[in-house]
1. From Tyr180, Tyr169, Tyr155, grab the single residue that is assigned by TED's automatic domain parsing to the domain that holds Tyr90 and either in a loop (DSSP other than H, G, I, E, B) or over 26 Å from the mean Cα position of the chain (by Cα) (or both).
2. Quick check on my filter: what residues within region 95-104 are farther than 30 Å from Thr54 by Cβ and either without any contact (Cβ under 8 Å) to a residue 12 or more places away in the chain or assigned to a strand (DSSP E or B) (or both)?
3. I'd like to know if region 171-184 contains one or more residues that are surrounded by 15 or more Cβ atoms within 10 Å (Cβ to Cβ), over 16 Å from His97 (Cα atoms) and either of a type in the set (Phe, Trp, Tyr) or out of contact with any strand residue (DSSP E or B) (no Cβ under 8 Å at 6 or more places or on another chain) (or both).
4. (1) touching a residue at least 40 places away in the same chain (Cβ under 8 Å); (2) assigned to a strand (DSSP E or B): which one isn't true of Tyr187, the others all being true?
5. Please enumerate the residues belonging to region 105-120 that are assigned to a loop (DSSP other than H, G, I, E, B) and within 22 Å of the chain's Cα centre (by Cα).
6. Of the residues that make up region 72-83, is at least one touching a residue at least 40 places away in the same chain (Cβ under 8 Å), under 18 Å from Lys185 (Cα atoms), surrounded by 12 or more Cβ atoms within 10 Å (Cβ to Cβ) and of a type in the set (S, T, N, Q)?
7. Looking at region 109-119, can you tell me whether even one residue there is over 18 Å from Phe61 (Cβ atoms) and surrounded by fewer than 13 Cβ atoms within 10 Å (Cβ to Cβ)?
8. Could you tell me whether region 72-94 includes any residue that is within 17 Å of the chain's Cα centre (by Cα) and in a loop (DSSP other than H, G, I, E, B)?
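The values are calculated or read from the model by the stated rules, or taken from the named source; none is laboratory data. Keep in mind that this is a model prediction, so the values were computed, not measured. Don't worry about glycine lacking a Cβ; one is built from the backbone with ideal geometry, like all the others, and counts go over all protein chains shown.
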Amino acid sequence: MKIRSLIISFVIVGLSVVQLFGQDGSNTPRTTGQLSKWDKMFPEVKYGDNIYNTGSNWFTFGYGPSLHLNKSTLNYNMQLCFYWRYRALYFNAGWHHASPEPKLFLARPMEQLNDIYGGAGIRFEDRWYNFAFFIGPSFAISWIPETDASSKINYQLGAVTEVQLTFKYLYDLCIGTSFYGSFNKRYQVAGVRLHFYFSNAFVTKY
């Protein structure tokens with residue numbers, strides 16, 4: 001019994017010491033660092049039970065028709081592109097493919113355009129929409145048929161421009177429409193495509 005009483009006494013004394021240090025400020029709580037100017041410009045927001053970052057990076061995959069401006073014929077286009085923010089500026093880098101063949105990877109058309117491109121742009125977003133405009137240079141690889149059995153491959157500089165309108169049914173996963181153009185000396189297209197939008201905006205559950 002004496003040992004038990006002694007242990008209880010030590011526990012009580014120990015808890016008293018911990019409480020004393022907590023009251024005199026020796027055990028200070030961890031503080032959160034000050035927000036930067038860019039964090040204040042692009043704050044976190046709460047929608048439903050989730051918290052999201054505004055101004056987050058995003059990725060799109062798009063497919064749709066276009067007009068081959070050099071020949072006034074129908075083309076089919078696919079795009080993969082990544083968009084990111086550095087401070088208050090937005091940039092993109094991607095790949096664009098155009099050809100008269102709608103089967104994409106199931107066929108190897110003799111006439112096609114492949115753009116490797118990058119650029120800068122502006123973006124406006126809210127709970128329900130994302131609007132963006134980008135323009136920049138491209139390295140264009142065009143296949144121009146010379147006979148029924150051969151094509152000439154050309155390499156040239158060009159430009160790619162895009163306007164995105166995205167309806168954000170889910171804040172970070174949604175669908176939209178892009179109006180775009182690819183311009184170079186030999187193979188130019190302009191059209192519209194359906195795109196899927198994926199962003200890394202999700203932070204945590206509230």
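1. Numbers: Tyr180 fails: either in a loop (DSSP other than H, G, I, E, B) or over 26 Å from the mean Cα position of the chain (by Cα) (or both); Tyr169 fails: either in a loop (DSSP other than H, G, I, E, B) or over 26 Å from the mean Cα position of the chain (by Cα) (or both).
None of the others qualify; the one that does is Tyr155.
2. His97, Ala98, Ser99, Lys103
3. Looking for residues that are surrounded by 15 or more Cβ atoms within 10 Å (Cβ to Cβ), over 16 Å from His97 (Cα atoms) and either of a type in the set (Phe, Trp, Tyr) or out of contact with any strand residue (DSSP E or B) (no Cβ under 8 Å at 6 or more places or on another chain) (or both), one finds at least one in region 171-184, hence yes.
4. Every listed condition holds for Tyr187 apart from (2).
5. If we filter region 105-120 for residues that are assigned to a loop (DSSP other than H, G, I, E, B), which is where we start, we get 107-111.
Those that are assigned to a loop (DSSP other than H, G, I, E, B) and within 22 Å of the chain's Cα centre (by Cα): none in region 105-120.
6. The answer is yes; a qualifying residue exists.
7. No.
8. Step one: list which residues in region 72-94 are within 17 Å of the chain's Cα centre (by Cα), which gives 78-94.
If we keep only those that are in a loop (DSSP other than H, G, I, E, B) too, we end up with 87-88.
Yes, there is a match, as at least one residue in region 72-94 is within 17 Å of the chain's Cα centre (by Cα) and in a loop (DSSP other than H, G, I, E, B).
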